[in-house]
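Quick notes on the structure that follows.
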Amino acid sequence: RVRFSKCGEALCGTISWLKEQAGPAKVGQRIFYDMKPSGANKWSGGAFNPEDGKTYSGTMALSGGTLTTAGCVMGGLICRSARWTRLD
């Protein structure tokens, strides 16, 4: 689970819960950085991948209760995305 909150004029996302505690991701680790509005219900900024320890350019798009995130390399040529569901 990721909790999003304001970080300056942007949004940041921090891991708040993990099903598996033994992996490279850690609770409290920030994985989305400086996400700034880039359209209606869209943001762009940085995305950290705990698996390889690298930060990539990232995007987020919100549709209803589903957030789709993507981290890209090579100017957006190669991207990996994930879907997140909002919890009440």
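The values are calculated or read from the model by the stated rules, or taken from the named source; none is laboratory data. Every value quoted in this text rests on a predicted model; they were computed, and no experiment measured them. Ideal geometry is used to build each Cβ from the backbone, glycine not excepted, and the neighbour counts take in all protein chains shown. Remember, those area values only see protein heavy atoms, side chains included, never the ligands or the DNA or RNA. Shrake-Rupley method; radii C 1.70, N 1.55, O 1.52, S 1.80 Å.
Brief remarks on what is shown
- Counting only residues that are loosely packed, with under 15 Cβ neighbours inside 10 Å and modelled with pLDDT under 85, the stretch 61-73 holds 1 of them.
Yes/no per residue for (1) open to solvent by 50 Å² or more (accessible area, probe 1.4 Å); (2) over 15 Å from the mean Cα position of the chain (by Cα); (3) at negative phi; (4) at pLDDT 90 or above:
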| site | (1), (2), (3), (4) |
| --- | --- |
| 27 | yes, no, yes, yes |
| 31 | no, no, yes, yes |
| 39 | no, yes, no, yes |
| 50 | no, no, yes, yes |
| 56 | yes, no, yes, no |
| 59 | yes, no, yes, yes |
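- Within the stretch 74-88, the residues that satisfy the criterion of being over 19 Å from residue 16 (Cα atoms) and either under 14 Å from the mean Cα position of the chain (by Cα) or open to solvent by less than 50 Å² (accessible area, probe 1.4 Å) (or both) are 76, 79, 80, 81.
- Test for residue 11: is it without any contact (Cβ under 8 Å) to a residue 24 or more places away in the chain, of a type in the set (A, V, I, L, M, F, W, C) and open to solvent by less than 90 Å² (accessible area, probe 1.4 Å): no
- Screening 54, 36 for residues that are in contact with an Asp or Glu (Cβ under 8 Å, 6 or more places away or on another chain) and either within 19 Å of residue 7 (Cα to Cα) or without any contact (Cβ under 8 Å) to a residue 12 or more places away in the chain (or both) leaves exactly one candidate, 36.
Results for (1) under 18 Å from residue 85 (Cα atoms); (2) not in a strand (DSSP E or B), shown as yes or no for each residue.
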{"site": "6", "(1), (2)": "no, no"}
{"site": "12", "(1), (2)": "yes, no"}
{"site": "26", "(1), (2)": "no, yes"}
{"site": "34", "(1), (2)": "no, no"}
{"site": "46", "(1), (2)": "no, no"}
{"site": "51", "(1), (2)": "no, yes"}
{"site": "61", "(1), (2)": "yes, no"}
